[in-house]
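Undergrad: Have a look at this one.
The values are calculated or read from the model by the stated rules, or taken from the named source; none is laboratory data. Remember, predicted model here, so these are calculated numbers, not experimental data. Cβ coordinates were reconstructed from backbone atoms using ideal geometry, including for glycine residues, and neighbour counts include every protein chain displayed. Accessible surface is based on the protein model in full, side chains and every heavy atom, while ligands, DNA and RNA are left aside. Shrake-Rupley method; radii C 1.70, N 1.55, O 1.52, S 1.80 Å.
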Amino acid sequence: MAIYQEYIMASTLDEAYALNQKKSAVIVAGNMWLRMCKMRKKTAIDLSALGLDKIEEREDAFVIGAMTTLRQLEKSEALNGAFGGVFEKALSPIVGTQFRNTATVGGSVYSRFGFSDVSTVLLAMGASMVLHKRGEVPLEVFQQEKPDRDILTHVVIPKGQRAGVASVRMSETDIPALVCAAAVRDGKMNIAVGARPARAVLAAKGVSPDLTAAELGEIAQNVMYGGNMRAGKAYRERVAPVLMARAAAACREV
Ligand SMILES: Cc1cc2nc3c(=O)[nH]c(=O)nc-3n(C[C@H](O)[C@H](O)[C@H](O)COP(=O)(O)OP(=O)(O)OC[C@H]3O[C@@H](n4cnc5c(N)ncnc54)[C@H](O)[C@@H]3O)c2cc1C
């Protein structure tokens, strides 16, 4: 259980950032992951009052506040309309409705979980992270970095793309044993693999959307997989080409 000595509802991002520079402080978003961690912190910093829970549409991109819940993404007509329903498909298997009503996109990507459906889809879609201090950083770069004490404010998803996702779970509501996402923009396809079980990676960038099953199989082979209680390495190696082919096919359908 997480124990916080004081709870501060930040009234500006600068205030939240300043408070978060101490190791004894922690940003609290949906608190769905944090509440299960065994830790004691002096200061919990709540970002709820900063208006970061909106999905905004720009001419070239969707800009999603870090406190937007997974359920908002899953149910957003604008997002699902623009991207062929990929968010509904990717996020609806995560735990349950009440959970997704609380867990946030910021908590998901900031944590760089090795089982993340969310990061896998955003990675394929070429999303970037807007950090209060550092500014905009491509998710591809952010994914490789160690967590620091900056604050994620928004996630930017470029428009004009089609995306697809496919995952496998050992039982409904469990975390995925493997997830693949593909996105096609300007005639070029990105493919991401997550729950390897390790941080999601881009398996292919800017390849033809018309790759054959054999070519997708080669791409899948070049990704590093491991084993855990959900699936062995060999299982993931066998399933990855199939999920990749399904994600790529879903891009073509929408
Ligand atoms: C039982 C369980 C099952 C899950 N299953 C899945 C699954 O199948 N697929 C999947 O993709 N995910 C899954 N998740 C992850 C989940 O979707 C959320 O990502 C997770 O709970 C964190 O979101 P949160 O908003 O609750 O963040 P919190 O728990 O509040 O925070 C998580 C971490 O992120 C930091 N943080 C949060 N927001 C910011 C910010 N804006 N800036 C900087 N740091 C920030 C916090 O300090 C903390 O370290 C699961 C989680 C749990 C607990």
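Undergrad: Considering only residues that are open to solvent by less than 60 Å² (accessible area, probe 1.4 Å) and not in a loop (DSSP other than H, G, I, E, B), which ones fall in the stretch 5-14?
TA: If the condition is that a residue be open to solvent by less than 60 Å² (accessible area, probe 1.4 Å) and not in a loop (DSSP other than H, G, I, E, B), then Ile8, Leu13 are the ones that fit.
Undergrad: Now, a different point. Restricting to the stretch 127-142, count the residues that are assigned to a loop (DSSP other than H, G, I, E, B) and surrounded by fewer than 21 Cβ atoms within 10 Å (Cβ to Cβ).
TA: Matching residues across the stretch 127-142 total 3.
Undergrad: Still on this structure, please answer the following. Is it the case, given these coordinates, that Ala250 is in contact with a Lys or Arg (Cβ under 9 Å, 6 or more places away or on another chain) and not in a loop (DSSP other than H, G, I, E, B)?
TA: For Ala250, the condition - in contact with a Lys or Arg (Cβ under 9 Å, 6 or more places away or on another chain) and not in a loop (DSSP other than H, G, I, E, B) - is met.
Undergrad: What pairs can you find where one residue is in the stretch 82-104 and basic (Lys, Arg) and within 13 Å of the ligand (Cβ to nearest atom), the other is in a loop (DSSP other than H, G, I, E, B) and modelled with pLDDT of 95 or more, and their Cβ atoms are less than 7 Å apart, with a gap of 6+ or different chains?
TA: Arg100/Ile94
Undergrad: Can you pull out the strands (runs of 3 or more DSSP E) entirely within the stretch 156-220 that have at least 2 residues that are of a type in the set (Gly, Ala, Ser), in contact (Cβ under 8 Å) with a residue 12 or more places away in the chain and open to solvent by 20 Å² or more (accessible area, probe 1.4 Å)?
TA: Of the strands (runs of 3 or more DSSP E) lying wholly inside the stretch 156-220, those with at least 2 residues that are of a type in the set (Gly, Ala, Ser), in contact (Cβ under 8 Å) with a residue 12 or more places away in the chain and open to solvent by 20 Å² or more (accessible area, probe 1.4 Å) span 201-207.
Undergrad: Would the stretch 209-218 turn up any residue that is of a type in the set (Ser, Thr, Tyr) and farther than 18 Å from Thr120 by Cβ?
TA: Keep residues of the stretch 209-218 that are of a type in the set (Ser, Thr, Tyr), which gives 212.
Filter once more, keeping what is farther than 18 Å from Thr120 by Cβ: 212.
Looking for residues that are of a type in the set (Ser, Thr, Tyr) and farther than 18 Å from Thr120 by Cβ, one finds at least one in the stretch 209-218, hence yes.
Undergrad: Moving on to the next point. On the basis of being in contact with a Cys (Cβ under 7 Å, 6 or more places away or on another chain) and either under 24 Å from Gly96 (Cα atoms) or assigned by TED's automatic domain parsing to the domain that holds Glu145 (or both), does Val184 make the cut?
TA: Answer is yes for this residue.
Undergrad: Another question, then. Just checking, which of Ala49, Ala10, Ala2, Ala18 is farther than 22 Å from Pro138 by Cα, among the aliphatic types (A, V, I, L, M) and free of Cβ contacts under 8 Å to residues at least 12 places away in the same chain?
TA: Ala18
Undergrad: Based on this model, can you work out whether Val105 counts as hydrophobic (A, V, I, L, M, F, W, C), under 13 Å from the mean Cα position of the chain (by Cα) and within 17 Å of Lys159 (Cβ to Cβ)?
TA: no
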